[in-house]
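Below: one structure, written as structure tokens.
The values are calculated or read from the model by the stated rules, or taken from the named source; none is laboratory data. Bear in mind that the values here come from a model prediction, so they are computed numbers and not experimental data. Reconstructed Cβ throughout: ideal geometry from the backbone, glycine too, with neighbour counts over all protein chains shown.
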Amino acid sequence: MTIEQYFDRPDASYFVPDPENSACYCKKHWNDDAEHIFRIANEVCENTFLFDLNWDMERTYEPMVFSGEIDWSYMPSGDPEFVWQFNRHRFFICLGQAWQMTGDEAYVTCFLGLVNDWIDRVPLDEKTAMGPWRLLETGLRGETWTKAIRYFKNSSLITEDFLDRFAESLRLHARRLVEKGGDERLQSNWCILENSGLFEIAMGLPQCDETKEWASIAMERIYKSVKVQVYKDGSQWEQSPMYHNEVYHCLCCVIFLARANGIPLKPDLEDAVHRMALANVMWKKPDSHQFTHGDSDDTDLRDKITMGAWLFQDPVLKWGGYELMDYEGAWDFGSNACADYALLPVREPDFISACLENSGDYYLRENWNRNSNLLHFTCGAMSTGHCHGDKMHVDLVVNGEDVLVDGGRSTYMNVPLRFALKDNPGHNTTTIDGESFTTFEDSWYTNKLSLPVNRTYRAGEIAEFVQGGHLGYRKKGIFVNRRIIWIKPDIYLIHDQFYAEGEHEYRQYFHFAPEGKVFTEVNSVTFQGKETRVFLNFLTKDALLESSRGVTSRHYNQWEENDVVTSVLKKKGFAGMITVINGGNSSAAEPAKVKVVETYSHTLRKPLTESEAQAVKITVGNRSYVVILCNDEVLHTSDAVIAEECFATGNVCVFNVSDRKEGERLYAGEVLHV
């Protein structure tokens, strides 16, 4: 077929509508990205492959060089993820962009050679069905192939015979996706990734009854899958920002193509994707990256937020994205989109902290500045193999720097590193008697689950409060709960409650960012970052601190050592472990002065036991607070808990005693939980 027959609709009906203009835009505004693409394209022309693009799902760090024929099923170190990443063919797009920015036909020749080689030597059969032709990669090529061919539309080297072969291979892709998809896959991110690819193939090929049927099948599956996968709070159910954004990206592509081709969309779909975009704003760190929560990498979110800002014309999303249309968006959506985006106003969000109550993720944020503080608490349900054993885990950013971190993923192979990063001790959470509350049979299957319970969030003027527990130790007769009180802007109290009988060993884990240095003393830890100093005070009587080295991973196929501190307590009956954290810029930060204070019953006029209530006085500079924490139902008739002349009638209360006169009693305080 001719190029006119292949592209049978106006350019605005496709991705990459005007690559010549996009090339000029990207060289002017995104030169570093362009240079990165040139490096990849030039290496691909030499049969050298390194996967280090921003959203490559499985990055590599050692180039793979083929001196002779390319082995499309090559599996270095026994990791099939390389096969799958390789056969997504994202580098075809890099070749197209490089050609558009240089006019060098070597990039076209390379593209033609690789496509023809793959079509000739990678047939769909039993051998390749779980390799290059795995269903997920079949769907992802629906995007990369239909985008890539757009770049080469005006090359004289694209022949009618090549277009015939290319189109026929895409039809084979589509028929495989139609045959193997279905309702049994609706809950998996694969369903969206595969069927967005099917839709992209249907929109990318010349239109006929069959392509229209493919589009209809794809959209019906996508509608159903979005209902299953996307929570009301905007998060995708797999407890992984990485896969949230893979699903979100594919849905954005579907929305763009449907609009470009006059295909009506159900409002529920667009609303769900808009919520997914806003979730990225809610959970982005001060450096605009996502947390390495679940199977996630430390990736900049601004390009994904920018995509949503333009699609939904949302000033809040633009505020969270780039000032100009990002590099990939400029190519995908064209120069008109770049101009529209530049005119879109910017509006700061009307929220600061965020409660994603469906997923069980909470973000306690000081402000939106680059050097702000942010605490992430997670206590959500397990969903798929991308979840980790991270209930009650805490990430902490102080002064814009990572302090307490999630270990990330590093690998999907069934090796000790995979389990170390997924297991409970690989997170900033707790364990009892050396037993994990979540266990894994292999890299993907969880054989011991733990129901999250007791999730509560409240924002006050002085402080914010979040708590969550789980039933992972119910067979031992133990209930576990974690409370976090954030006294704004820079004091964090972590209160772990263990409701038990008999003697048990309790462990709290604290994993520190590898860039910092950690200094451990008897009851305290100091973290020194680049420009940040953070202090941890451990107030639990008889608890011992253990220092060790752990591992953390910010990208697939990468890991490095980091410091880990474990607080260990052996105790009979109820245990309440309290940690107070504060810090800030190294030039001004000083450790909080902290002490446990006695609690009393107002009505009974007697001291309360630890199992009934605990209280802490915290002083930083000229600011001083008393926090009262009830561990049991202790308020009798007309009763209250008293500590340091603070009169509390709630389960969790914070009193600002900074300006209190000597002998003055304060009443109520700020009640965070009743």
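Here's a check for you: in region 87-121, which residue that is touching a Lys or Arg at 6+ places or on another chain (Cβ under 9 Å) and either of a type in the set (A, V, I, L, M) or outside the structural domain of Phe49 (by TED's automatic domain parsing) (or both) is nearest to Asn21 (Cα to Cα)? Among those that are touching a Lys or Arg at 6+ places or on another chain (Cβ under 9 Å) and either of a type in the set (A, V, I, L, M) or outside the structural domain of Phe49 (by TED's automatic domain parsing) (or both), it is Met101. Here Phe162 meets each of (1) in the same structural domain as Ala106 (by TED's automatic domain parsing); (2) touching a Ser or Thr at 6+ places or on another chain (Cβ under 9 Å) with one exception, condition (2). Look at region 13-31: where a residue is closer than 13 Å to Asp326 by Cα and in contact (Cβ under 8 Å) with a residue 40 or more places away in the chain and a partner is surrounded by fewer than 20 Cβ atoms within 10 Å (Cβ to Cβ) and among the polar types (S, T, N, Q), sitting 6+ places away or on another chain with Cβ atoms under 8 Å, you get Ser22/Ser335; Tyr25/Ser335.
Taking region 599-674 as the region of interest, the strands (runs of 3 or more DSSP E) fully inside it that hold 2 or more residues being hydroxyl-bearing (Ser, Thr, Tyr) and surrounded by 15 or more Cβ atoms within 10 Å (Cβ to Cβ) are 623-630. The residue of region 522-534 that is farthest from Val616 (Cα to Cα), among those that are in contact (Cβ under 8 Å) with a residue 24 or more places away in the chain and out of contact with any Phe, Trp or Tyr (no Cβ under 8 Å at 6 or more places or on another chain), is Lys530.
When the residues of region 1-44 are filtered to those that are aliphatic (A, V, I, L, M) and farther than 23 Å from Ala106 by Cβ, the one that is surrounded by the fewest Cβ atoms within 10 Å (Cβ to Cβ) is Ala12. Scanning region 60-88 for residues that are surrounded by 20 or more Cβ atoms within 10 Å (Cβ to Cβ) and assigned to a loop (DSSP other than H, G, I, E, B) yields Thr60, Asn87, Arg88.
In region 280-294, the condition of being under 28 Å from Ser13 (Cβ atoms) and either of a type in the set (Val, Ile, Thr) or modelled with pLDDT under 95 (or both) is met by no residue. Of the residues contained in region 262-271, none is found to be surrounded by 19 or more Cβ atoms within 10 Å (Cβ to Cβ), among the hydrophobic types (A, V, I, L, M, F, W, C) and under 15 Å from the mean Cα position of the chain (by Cα).
Restricting attention to region 509-550 and to residues that are part of a strand (DSSP E or B) and touching an Asp or Glu at 6+ places or on another chain (Cβ under 6 Å), the residue that is nearest to His386 (Cα to Cα) turns out to be Phe512. Here region 397-413 is the region considered, the condition is being more than 18 Å from Lys488 (Cβ to Cβ) and either small (Gly, Ala, Ser) or outside any loop (DSSP other than H, G, I, E, B) (or both), and the residue that is farthest from the chain's Cα centre (by Cα) is Glu401.
Any idea which of Tyr327, Tyr248 is in contact with a Cys (Cβ under 6 Å, 6 or more places away or on another chain), surrounded by 21 or more Cβ atoms within 10 Å (Cβ to Cβ) and among the hydroxyl-bearing types (Ser, Thr, Tyr)?
Unique residue meeting the criteria: Tyr327.
Pairs meeting the criteria (first residue in region 553-572 and on the phi > 0 side of the Ramachandran plot, second residue assigned to a strand (DSSP E or B) and surrounded by 20 or more Cβ atoms within 10 Å (Cβ to Cβ), beta carbons under 9 Å, at least 6 apart or on different chains) are lacking. If the condition is being in contact with a strand residue (DSSP E or B) (Cβ under 8 Å, 6 or more places away or on another chain) and more than 18 Å from Glu328 (Cβ to Cβ), then region 67-100 contributes Tyr74, Pro76, Phe82, Phe86.
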